[in-house]
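Please read the structure below before turning to the comments.
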Amino acid sequence: MVAVITAISINIVEDGLFSPSPLFLIMVIAQLTVAALLHPQEISCLFYGLIYYISVPSMYLVLIVFSVYNLNDITWGTREVQKKKTDAVINPILDLMFTIILNYTINLHF
């Protein structure tokens with residue numbers, strides 16, 4: 001964002017104060033200043049807003065790095081992990097399927 005602010009500063013010098021990019025920046029600053037004046041108990045938040053405005057692009061980079069390095073961490077999800085079925089549950093099901101298939105094939109041949 002520092003590069004963007006520098007580019008807007010150069011744009012102000014070359015094209016004037018009322019070109020689109022500087023005009024947008026001035027409108028954002030004016031909007032935040034008016035909001036701060038309407039809520040005087042939170043006027044100190046303007047300083048933190050400036051820090052946020054400058055550091056937004058770096059937060060997007062940190063978010064990407066964080067998401068890539070935490071791909072294997074599934075403990076924070078909202079879905080429950082299905083437990084593996086034990087042999088005590090699987091074997092009766094397989095036996096039932098085997099007998100159904102066996103009886104069906106025997107009935108086909110006779």
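What the table below lists for this structure:
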quantity	calculated
Distance from segment 29-49 to segment 1-27 (C-alpha centre basis), Å	21 Å
With all protein chains modelled, accessible area of Tyr60 [1.4 Å, Å²]	150 Å²
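The values are calculated or read from the model by the stated rules, or taken from the named source; none is laboratory data. None of the values given here were measured: they were computed from a predicted structure. For the accessible areas, the whole protein counts, side chains as well, though only heavy atoms, and no ligand, DNA or RNA atoms are used. Shrake-Rupley method; radii C 1.70, N 1.55, O 1.52, S 1.80 Å.
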